[in-house]
């Protein structure tokens with residue numbers, strides 16, 4: 001391979017060029033920042049620090065880490081805003097900031113499962129992004145010898161970590177989803193690809209008149225059964241083993257696809273959506289929840305992240321799934337139309353997540369709106 005030609009690399013930049021050059025270097029070294037945060041999670045630093053401000057030496061003893069190198073990691077985490085230094089009579093201590101507290105295992109919407117998942121499973125595939133783009137196929141199977149969900153299902157501990165990461169991500173979206181979609185009344189919600197039941201558990205708790213049907217592969221149902229029973233909701237939810245690429249149970253009032261379509265290529269998405277349409281009776285609705293690739297790159301509402309999140313997630317899908325992708329609003333609406341559904345409402349949540357509500361084509365009163 002021929003190396004790229006480097007031009008006038010020694011030319012002195014003007015102030016604007018210099019600022020851009022520094023910003024670019026921050027992007028280039030961003031992987032090191034990510035690794036530092038993931039290392040803190042793997043070492044158990046957030047839970048070990050807790051509400052205190054232990055010294056580096058104390059943290060080294062508690063975690064079994066090298067005290068000198070751990071001190072350097074801790075100081076880097078201070079510069080990233082994850083920790084803050086606390087003066088002491090002897091050695092300085094280190095305490096969690098508000099940002100750092102999100103890595104505690106007991107934090108609301110804890111980021112810890114995601115950090116551990118990225119460190120163990122995602123990062124090796126992401127590191128091969130150049131080859132992914134060149135060859136046009138994901139790197140996950142090349143790294144691990146099997147596709148993503150097969151790899152998870154072969155490792156119960158890893159599958160539990162993935163489910164926990166999904167659950168904590170749901171905590172960031174659930175309130176917005178409940179505001180965006182009318183779940184009131186005695187309706188039956190069919191959660192397509194509902195996994196371990198975290199979404200239906202949150203929804204049924206908030207909407208006592210609703211009932212649920214969870215559809216997923218048979219291997220996932222025992223975990224969902226345990227969760228729903230633990231929440232006292234097993235009497236309000238039916239578990240159905242099946243493949244949403246083949247067929248779905250009829251009779252639901254609302255069919256819900258939360259972060260399902262982005263795992264699949266367009267043909268598979270059309271099949272899933274057509275199966276939803278076939279199962280939908282008169283007046284039934286379909287709700288698709290996915291990151292939108294064309295979300296504006298501005299700060300999200302309610303302090304959420306910028307629309308850049310959709311771009312990050314698209315690269316994530318590119319690395320892991322054959323045909324998986326985050327789609328634009330127009331592309332998602334197009335898939336709905338090809339499946340005989342018409343988009344009637346779009347609500348944008350923080351982080352560029354779209355909640356798209358659709359009905360069968362030709363139903364009276366179908367008009368599209370956005371909020």
Within segment 87-101, considering residues that are surrounded by fewer than 19 Cβ atoms within 10 Å (Cβ to Cβ) and modelled with pLDDT of 95 or more, the one nearest to the chain's Cα centre (by Cα)
99
Which residues, counting only those in segment 225-257, are closer than 27 Å to residue 150 by Cβ, part of a helix (DSSP H, G or I) and out of contact with any helix residue (DSSP H, G or I) (no Cβ under 8 Å at 6 or more places or on another chain)?
226
Within segment 8-19, considering residues that are surrounded by 10 or more Cβ atoms within 10 Å (Cβ to Cβ) and over 20 Å from residue 80 (Cα atoms), the one modelled with the highest pLDDT
18
Residue that is farthest from residue 144 (Cα to Cα) [pool: residues in segment 294-338 that are touching a strand residue (DSSP E or B) at 6+ places or on another chain (Cβ under 6 Å) and modelled with pLDDT under 90]:
310
Every residue in segment 131-190 that is in contact with a helix residue (DSSP H, G or I) (Cβ under 9 Å, 6 or more places away or on another chain), assigned to a helix (DSSP H, G or I) and closer than 17 Å to residue 255 by Cα, please.
174, 177, 178
Exactly one of (1) without any contact (Cβ under 8 Å) to a residue 24 or more places away in the chain; (2) touching a helix residue (DSSP H, G or I) at 6+ places or on another chain (Cβ under 7 Å); (3) assigned to a helix (DSSP H, G or I) is unmet by residue 85. Its number?
(3)
Which residue out of 167, 147 is over 16 Å from the mean Cα position of the chain (by Cα), touching a residue at least 24 places away in the same chain (Cβ under 8 Å) and closer than 21 Å to residue 193 by Cα?
147
Pull up segment 258-293, narrow it to residues that are in contact with a helix residue (DSSP H, G or I) (Cβ under 7 Å, 6 or more places away or on another chain) and farther than 17 Å from residue 341 by Cβ, then point me to the one that is modelled with the highest pLDDT.
262
Taking residue 129 as the residue in question, decide whether it is buried (at least 21 other Cβ atoms within 10 Å of the Cβ) and either touching a strand residue (DSSP E or B) at 6+ places or on another chain (Cβ under 6 Å) or modelled with pLDDT of 90 or more (or both).
no
Out of everything in segment 62-78 that is within 15 Å of residue 44 (Cα to Cα) and surrounded by fewer than 13 Cβ atoms within 10 Å (Cβ to Cβ), what residue ends up being farthest from the chain's Cα centre (by Cα)?
66
State yes or no: is residue 342 outside any helix (DSSP H, G or I), at pLDDT below 90 and more than 30 Å from residue 123 (Cα to Cα)?
no
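The values are calculated or read from the model by the stated rules, or taken from the named source; none is laboratory data. Model, not experiment: these values are computed from the prediction. In this analysis, Cβ positions are derived from the backbone assuming ideal geometry, glycine residues included, and neighbour counts consider all displayed protein chains.
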